[in-house]
1. Across the Cα atoms of the chain, what radius of gyration and what greatest pairwise Cα-Cα distance (Dmax) are found, in Å?
2. State in Å² the accessible area per residue of the chain; use a 1.4 Å probe, count heavy atoms of protein chains only, and round to the nearest integer.
3. In the chain, once you exclude exposed trypsin sites (Lys or Arg not before Pro) (DSSP loop, at most 12 other Cβ within 10 angstrom), what's the longest stretch remaining?
4. So how much accessible area does Leu20 have, in Å² to the nearest 10, using a 1.4 Å probe?
5. For the chain, give the percent of accessible area contributed by carbon and sulfur heavy atoms, probe 1.4 Å, rounded to a whole number.
6. Give the lysines reachable from Lys78 as a straight Cα distance under 20 Å; neighbours fewer than 8 places away on the same chain don't count.
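The values are calculated or read from the model by the stated rules, or taken from the named source; none is laboratory data. Bear in mind that the values here come from a model prediction, so they are computed numbers and not experimental data. All Cβ positions, glycine included, derive from the backbone under ideal geometry; neighbour counts span all protein chains shown. To get the accessible areas, we keep the full protein, side chains included, count just its heavy atoms, and leave off ligands, DNA and RNA. Shrake-Rupley method; radii C 1.70, N 1.55, O 1.52, S 1.80 Å.
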Amino acid sequence: QVHVVQSGGGLVQPGDSLQLSCTTSAWITMGWFRQAPGKEREFVAAISWPGTKTTYSTSVKGRFTISRDNAKNMCYLKMNNLKTEDTAVYYCAARRGVSGAYYTRAGEYTSWGQGTQVTVSS
């Protein structure tokens, strides 16, 4: 099982940017999910090993970017043009995967970060 530690998050205004970080390692597929109060956890973005393929939810496509630095064993979620509806607890997820594969369902991941609050408010 992969040990996942995430960092980042905080309180920002609409239109601002924020970056979340998460530890990873070789042959690990990474994903980001979020959960707003009273709602189910939803998929945000995923990136394959070694980073050749990415996918995003419709709600964040064009605003968020998932990336990874394999030399540093880190995965990032850069969030631009944040909206109030992006407010949620964000979770980093990991699982061993084959090269070029990504996963969009929470049940497909085996390890989870501790979660970090992102609040977008004016």
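1. Over the chain's Cα set, Rg and Dmax evaluate to 13.2, 42 Å.
2. With the other protein chains kept in place, the chain gives 50 Å² per residue.
3. Details: sites that count: Lys39, Lys72, Arg105.
My reading of the result: 1-38 is the longest stretch.
4. Only protein atoms counted, so the area is about 0 Å².
5. 47 percent
6. Candidates past the 8-residue exclusion: Lys53, Lys61.
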